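The values are calculated or read from the model by the stated rules, or taken from the named source; none is laboratory data. Values in this document were obtained by computation on a predicted structure and should not be read as measured data. Heads up, the Cβs are rebuilt from the backbone with ideal geometry, glycines too, and the neighbour counts pull from every protein chain shown. The protein model used for the area step is the full one, side chains on, heavy atoms only, and it has no ligands, DNA or RNA in it. Shrake-Rupley method; radii C 1.70, N 1.55, O 1.52, S 1.80 Å.
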Amino acid sequence: MIILGIETSCDETAASVIDGRGGAIKVLSNVVSSQIEIHKKYYGVVPEIAAREHILNILPVINEALEKAGIKKEEVQKRIDALSVTIGPGLITSLIVGIETAKTLAYAWNLPLIGINHIEGHIYGNFIKPESKIKFPTLVLTVSGGHTMLVLMKGHGKFQTIGETRDDAAGEAFDKAAKLLNLGYPGGPIVSKTAAEFVKTGKKSAIVLPRPMINSGDFDFSFSGLKTALLYKIQKDKDWQNKIPEYCYEFERAVVETLISKTVKAARKYKIKTMMLAGGVSANSVLRRDFLAACLKENLACQIPPPEYTTDNAAMIAAAGYWHARRKDFTPWKKIKVDCNLELK
Ligand code: KG4
Ligand code: ZN
């Protein structure tokens, strides 16, 4: 089964062709056109600009994905079995560009179309690798710029959200911290790189930030207070500009420790077999290292996505589509609608 996936939920225009014949997913092409350079000066994604850029990029990106997969346009109908596209959650105007393009292509090529939840896509970034280690029930820590969730996955397409952020997402917290510290956008990679400079000094950090809701007794998160705590600390510290790596180190530690502590508590309560990481923040090397250590300590199988499938891409959307197609879970293209607050069910 060969699937063409399309992703435009935020600021990446992406298309990918995957081949699921034989049971294991092989990525034939994975094209991502990022708008980071355009949104950098605003310290975040400007929705109208993002949508306009998607309109310019979507067809060249799809063409490149087909070309790289070795599929000529006249062969599409014969070689591709289905299309899959992100239908939400995300920025409404950005999502519409991908959805309308996918619907048009599904109609023109007479191919089935599968609507995919973006979070489900992030989770399926983990199923591109040989999935032998993934045993259900799996607990997924999904951490991105828009979402922070703990999801219980009982089988393919069977999701139960057991906790989520009450305010900012983990990635958003990194982005806001970077803005406070004048480091640029997106914040996650820069905060992480700057924190590593402090680690190299071998010093012990004297800065202490809170671990929000760590003992709340539920599986929800809250990161907006952490950003405010950082703001108050630097306002009171005349020397903060000389201690930016130390602030980054403590901020990263606070986010990672909070995420892992809640994940481990949930893993024990729900008696799961695999701990899985997903979403853009799962590119964070400290989170990846400590997540693996936590799995080993809990004696659970561990699944961490390959770096190229952490931040937004379309291979993960195609992979999720492949599992829908295996269950024959198609929606007629006329019924596929955008839902910017789509829940994972
Ligand atoms: O999944 P993603 O590409 O987009 C959304 O669905 O939101 O995630 C983007 C988020 C951004 O907030 C970015 O700062 C964060 O992921 N991120 C990281 C790292 N790389 C990306 N956060 C921490 N450490 C990183 N290395
Ligand atoms: Zn994402």
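General observations
- All positions within the range 61-80 that are assigned to a helix (DSSP H, G or I), under 28 Å from the mean Cα position of the chain (by Cα) and over 10 Å from Val31 (Cα atoms): Glu67
Listed here are the residues, each with its yes/no results for (1) within 12 Å of ligand 1 (Cβ to nearest atom); (2) under 21 Å from the mean Cα position of the chain (by Cα); (3) outside any helix (DSSP H, G or I); (4) of a type outside the set (Lys, Arg).
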residue: Met276; (1), (2), (3), (4): no, yes, yes, yes
residue: Arg288; (1), (2), (3), (4): yes, yes, no, no
residue: Leu292; (1), (2), (3), (4): no, yes, no, yes
residue: Asp329; (1), (2), (3), (4): no, no, yes, yes
residue: Lys334; (1), (2), (3), (4): no, no, no, no
residue: Val338; (1), (2), (3), (4): no, yes, yes, yes
residue: Asn341; (1), (2), (3), (4): no, yes, yes, yes
residue: Lys345; (1), (2), (3), (4): no, yes, yes, no
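- Applying a threshold of 8 Å to beta carbon distances and a minimum spacing of six or more residues, or different chains, the list of pairs starting in the range 202-223 at a residue that is among the polar types (S, T, N, Q) and ending at one that is part of a loop (DSSP other than H, G, I, E, B) reads Ser222/Arg166; Ser222/Asp167; Ser222/Asp168; Ser222/Pro212; Ser222/Met213.
- Pair list, Cβ < 9 Å and 6+ apart or interchain, from the range 273-299 residues that are free of Cβ contacts under 8 Å to residues at least 60 places away in the same chain to residues that are within 13 Å of ligand 1 (Cβ to nearest atom) and open to solvent by 50 Å² or more (accessible area, probe 1.4 Å): Arg288/Pro307
- Within this structure, Ile96 passes the test of being surrounded by fewer than 22 Cβ atoms within 10 Å (Cβ to Cβ), away from ligand 2 (no atom under 16 Å from the Cβ) and among the aliphatic types (A, V, I, L, M).
- When residues of the range 164-183 are limited to those that are farther than 19 Å from Phe221 by Cβ and open to solvent by 10 Å² or more (accessible area, probe 1.4 Å), the one farthest from ligand 2 (Cβ to nearest atom): Asn182
- Residues of the range 278-300 classified as open to solvent by 50 Å² or more (accessible area, probe 1.4 Å), of a type outside the set (A, V, I, L, M) and more than 19 Å from Gly187 (Cα to Cα), total: 3
- If you go through the range 81-93 and keep only what is surrounded by fewer than 20 Cβ atoms within 10 Å (Cβ to Cβ) and touching a strand residue (DSSP E or B) at 6+ places or on another chain (Cβ under 8 Å), you end up with just Asp81.
- Taken residue by residue, the range 214-222 has no member that is closer than 22 Å to Lys262 by Cβ and in a helix (DSSP H, G or I).
- Entirely in the range 90-194, the helices (runs of 4 or more DSSP H) that have 1 or more residues that are modelled with pLDDT of 95 or more and under 19 Å from Pro307 (Cα atoms): 118-124, 170-180
- Residue that is over 27 Å from Lys135 (Cα atoms) and either of a type in the set (Ser, Thr, Tyr) or part of a helix (DSSP H, G or I) (or both), where the choices are Glu252, Glu308: Glu252
- When Ala69, Ala65, Ala108 are checked against the criterion of being away from ligand 2 (no atom under 16 Å from the Cβ), more than 30 Å from Cys302 (Cα to Cα), buried (at least 24 other Cβ atoms within 10 Å of the Cβ) and of a type in the set (Gly, Ala, Ser), a single residue qualifies: Ala65.
- Restricting the range 224-249 to residues that are part of a loop (DSSP other than H, G, I, E, B) and free of Cβ contacts under 8 Å to residues at least 24 places away in the same chain leaves a set whose member that is farthest from Asn284 (Cα to Cα) is Lys238.
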